[in-house]
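Asks: What follows is a structure written as structure tokens; I'll ask about it next.
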Amino acid sequence: MVAAKKTKKTHESINNRLALVMKSGKYTLGYKTVLKSLRTNKGKLIIIANNCPPLRKSEIEYYAMLSKVGVHHYNGNNVDLGTACGKYFRVCCLSIIEPGDSDIIKSLPGDN
Amino acid sequence: MVKFLKPNKAVIVLQGRYAGRKAVIVKSFDDGTRERAYGHCLVAGVKKYPSKVIRKDSAKKTAKKSRVKCFIKLVNYQHLMPTRYTLDVDLKDVVTVDALQTKDKKVAACKATKERFEERFKTGKNRWFFTKLRF
């Protein structure tokens, strides 16, 4: 019970931080660009939706392991992640290149 | 944020005739060149893996089974799957972009990498690199 309450609060804060990144930072949405950002070491944090196909999820995690970038498994599916980014389409994975004013990179990779 | 597509990294080729083969990055061109305006790298890979050698085999048979056939190719980063393995074989002097210009230069470069791969295989190190990927 306590764990559920805690995840609700941190979930909202992740959404807030993500909104701030969308407004002030640089990011890319989508599998192809996420891999590109990992190959060129531009990505600083990767967020993956929970209904991402397991092979794709493993591939992104492997790339992130090689480049020592944090991966956050978003508590929601691609529809929710798209909404959290303020977009009207589904987003399965996204890569944050510059966090702007947000502290998402400092606060998140701890929980991963 | 660590660069991992560096020389000596073992990768798996995903597309093309050599799909599923293991290769090692010899030189990487992160920002592309004039002719190839995308990130790509020069890889040297295994075209034909060495067969399994058993104790019963004679020396002649062992030599025959331990042969490795190589390829050299310029591959787009998108068509590679990097792995956590590395292969420390010095191929920089042998495998160059210049070697890909004409057929006989390419054949000579392939022969030289074949020798280096075979001697590395015979030492028994980097066994992962010389086993076929099953899929």
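Asks: Considering only residues that are part of a loop (DSSP other than H, G, I, E, B) and either away from chain B (no Cβ under 14 Å) or buried (at least 18 other Cβ atoms within 10 Å of the Cβ) (or both), which ones fall in region A:43-72?
Replies: Applying the first criterion (part of a loop (DSSP other than H, G, I, E, B)) to region A:43-72 yields A:43-44, A:49-53, A:68-69.
Listed by number, the residues that qualify are A:GLY43, A:LYS44, A:ALA49, A:ASN50, A:ASN51, A:CYS52, A:PRO53, A:VAL69.
Asks: Among the residues of region A:92-101, is any exposed (fewer than 15 other Cβ atoms within 10 Å of the Cβ), closer than 21 Å to B:VAL2 by Cα and within 14 Å of chain B (Cβ to nearest Cβ)?
Replies: Checked against the condition, which is being exposed (fewer than 15 other Cβ atoms within 10 Å of the Cβ), closer than 21 Å to B:VAL2 by Cα and within 14 Å of chain B (Cβ to nearest Cβ), region A:92-101 yields at least one hit.
Asks: Ok, one more. Residues of region B:99-135 being closer than 17 Å to B:ASN8 by Cα, touching a residue at least 60 places away in the same chain (Cβ under 8 Å) and surrounded by fewer than 16 Cβ atoms within 10 Å (Cβ to Cβ), which ones?
Replies: If the condition is that a residue be closer than 17 Å to B:ASN8 by Cα, touching a residue at least 60 places away in the same chain (Cβ under 8 Å) and surrounded by fewer than 16 Cβ atoms within 10 Å (Cβ to Cβ), then B:TRP128 is the only one that fits.
Asks: Now for a different question. Answer yes or no as to whether A:LYS32 is within 14 Å of chain B (Cβ to nearest Cβ) and assigned to a loop (DSSP other than H, G, I, E, B).
Replies: On the way: within 14 Å of chain B (Cβ to nearest Cβ): yes; assigned to a loop (DSSP other than H, G, I, E, B): no.
The answer is no for A:LYS32.
Asks: Quick test for you: out of B:GLY45, B:GLY16, pick the one residue that is away from chain A (no Cβ under 12 Å) and at positive phi.
Replies: On the way: B:GLY45 fails: at positive phi.
It is B:GLY16.
Asks: Mind listing whichever residues of region B:70-121 are in a strand (DSSP E or B) and charged (D, E, K, R)?
Replies: Looking only at region B:70-121, we keep the residues that are in a strand (DSSP E or B), and these are B:70-76, B:80-86.
Matches in region B:70-121: B:LYS73, B:ARG84.
Asks: Something else now. Picking from B:LEU80, B:LEU14, B:LEU5, which residue would you name as being modelled with pLDDT of 95 or more, within 24 Å of B:ARG127 (Cα to Cα), crowded, with 18+ Cβ neighbours inside 10 Å and over 10 Å from the mean Cα position of the chain (by Cα)? Please lay out each step first, then the result.
Replies: Numbers: B:LEU14 fails: crowded, with 18+ Cβ neighbours inside 10 Å; B:LEU5 fails: modelled with pLDDT of 95 or more.
From the options B:LEU80, B:LEU14, B:LEU5, the qualifying one is B:LEU80.
Asks: Going through B:VAL75, B:VAL89, B:VAL107 one at a time, which residue ends up being under 18 Å from B:ARG17 (Cβ atoms) and under 12 Å from the mean Cα position of the chain (by Cα)? If you could, list the steps in order and put the result at the bottom.
Replies: On the way: B:VAL89 fails: under 18 Å from B:ARG17 (Cβ atoms); B:VAL107 fails: under 12 Å from the mean Cα position of the chain (by Cα).
Being under 18 Å from B:ARG17 (Cβ atoms) and under 12 Å from the mean Cα position of the chain (by Cα) holds for just one of B:VAL75, B:VAL89, B:VAL107, which is B:VAL75.
Asks: Let me ask another. Suppose the filter is in contact with a strand residue (DSSP E or B) (Cβ under 8 Å, 6 or more places away or on another chain), away from chain A (no Cβ under 14 Å), surrounded by fewer than 17 Cβ atoms within 10 Å (Cβ to Cβ) and under 20 Å from B:TRP128 (Cβ atoms); does B:ALA23 pass it?
Replies: On the way: in contact with a strand residue (DSSP E or B) (Cβ under 8 Å, 6 or more places away or on another chain): yes; away from chain A (no Cβ under 14 Å): yes; surrounded by fewer than 17 Cβ atoms within 10 Å (Cβ to Cβ): no; under 20 Å from B:TRP128 (Cβ atoms): yes.
Judged against the criteria, B:ALA23 is not a match.
Asks: Sticking with this one: Taking B:THR62, is it surrounded by 12 or more Cβ atoms within 10 Å (Cβ to Cβ) and within 14 Å of chain A (Cβ to nearest Cβ)?
Replies: So B:THR62 does not fit the description; no.
Asks: Look at A:SER13 and say whether it is loosely packed, with under 15 Cβ neighbours inside 10 Å and either free of Cβ contacts under 8 Å to residues at least 24 places away in the same chain or part of a helix (DSSP H, G or I) (or both).
Replies: On the way: loosely packed, with under 15 Cβ neighbours inside 10 Å: yes; either free of Cβ contacts under 8 Å to residues at least 24 places away in the same chain or part of a helix (DSSP H, G or I) (or both): yes.
Judged against the criteria, A:SER13 is a match.
The values are calculated or read from the model by the stated rules, or taken from the named source; none is laboratory data. No experiment lies behind these values; they were computed from the predicted model shown. As a convention, Cβ positions derive from the backbone with ideal geometry for all residues, glycine included, and neighbour counts pool all protein chains shown.
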